[in-house]
Amino acid sequence: MHTSDAHPTLASPGLHPAGLPETLAWVGGSEGHLRLLDQTRLPSEVVFLECKTAEDVWNAIRVLSVRGAPAIGVAAAFGLVLGLRPNREQPRAAFLAHLDTVSAYLRGCRPTAVNLAWALGEMRLHAFATPGNGAALWLSLWQFAQHLAAQDAATCRRIGEFGAPLIPDGGGVLTHCNAGALATVAYGTALAALYVAHEQGKRFRVYADETRPLLQGARLTAFELAAAGLDVTVLCDHAAASLMQSGQVQAVIVGADRIAANGDVANKIGTYTVALAAQRHGIPFYVAAPRSTFDLSLATGAGIPIEQRAAEEVTHFAGLSTAPAGVGVYNPAFDVTPAELITALVTERGLIQPPAADVIRTLLGP
Ligand code: MRU
């Protein structure tokens, strides 16, 4: 993997907010590679990672160069393509066995966002349904990964169209973490609703929680909303409740990493706190996510695996120590918001309001 500052060609013109560098793109033909915007360097530097192996993609997902549930799913699909490229000469059975090995490796990279396992599962189903030897399968998988990328962009647009009517004209909308174009192939989920509402002429202020410890809200959400010309204000996470108390928030909208069959939502750590504060102040709390974020095999959010991340993310800031050496650290990357705190789920198939297991199954089940 190496870095470059060349700007990639837009794969989905008209879908990504103007002025925003692409989150990810396949560059070149079948001998090409995956180019990722290195989100760890935003907002100060726009730098791209050139991923040429499955290991490059694994590392990029692990360190959050690419992050956000839908984006890591699509990145992993391309990671699988890269990991299988040296096996193109293999007969069918050997190629498919290797597919399972590379897929398991990539799936283990981050545990909470189910989109990662979902995208790899789609790739596997596609491979098994495709006739031929390694060469034919690999070509078809490469094309299918591009299909998944295009599908993600179109899905996000539809989520935005269903979500836009929920956005008030005037007033404020609070969001947490980054569920925008940078977290998907294009447009985002929660932020898609804001982009479409803005396109429709609504005017509102977006409040972006900074989102400790890795600052996805301050670094990424504020970056992409400002690039798209929306009115965005960053606040410390702890300021959200007092902002609601002051009457400046009319709606909250966030994304999700995994949604259980009953509507419980895992999302970035701190989302649960925001939902509690919204309920206290009578403010609607919306969660926007594609079908690929739902895990209907889990009855409730209690079954969702929560990623624990490195202590240094909490004990250090910009390379400086901010806590005594050796102190204990609690650093879950996600929390679970109970369905009862959620006003509606916004999906590409419509709204689920209020979240309830039977409605979720009817709209999204197999
Ligand atoms: O750790 P991250 O940055 O990958 O966490 C991302 C989030 O929690 C997002 O809100 C979620 O993935 C939704 S992205 C459309």
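Residues considered: Ala150, Ala94, Ala228. Largest GNM mean-square fluctuation over the chain, using C-alpha springs under 10 Å, is found at Ala94. Annotation: peptides 343-351, 233-241, 72-80, ranked by per-residue average of other Cβ atoms within 10 Å with the highest first, follow the order 72-80, 343-351, 233-241. Rounded to the nearest 10 degrees, the angle from helix 69-84 to the longest Cα principal axis of the chain is 10 degrees.
Give the order of Asp264, Asp100, Asp209 when sorted by the count of other beta carbons within 10 angstrom, beginning with the fewest. Spell out each step's value before the answer.
Values: Asp264 24, Asp100 12, Asp209 29.
Exposure proxy ranking, most exposed first: Asp100, Asp264, Asp209.
As a proxy for reagent exposure, Tyr272, Tyr195 were ordered by neighbouring Cβ count within 10 angstrom, fewest first; the result is Tyr272, Tyr195.
Separation of segment 77-99 and segment 343-360, taken as the distance between their Cα centroids, equals 38 angstrom. Residue-normalised convex hull volume from the C-alpha trace of segment 230-366: 142 Å³ per residue. If the elastic network links every pair of Cα atoms under 10 Å, which of Pro21, Pro168, Pro91 fluctuates the most in the Gaussian network model of the chain? Among Pro21, Pro168, Pro91, the largest mean-square fluctuation in the Gaussian network model of the chain belongs to Pro91. A straight line joining the Cα centroids of segment 251-317 and segment 30-57 runs 27 Å.
Just so you know, all these numbers are worked out from the coordinates, no wet-lab data involved. Everything numeric in this text was worked out from a predicted model, so none of it was measured. All Cβ positions, glycine included, derive from the backbone under ideal geometry; neighbour counts span all protein chains shown.
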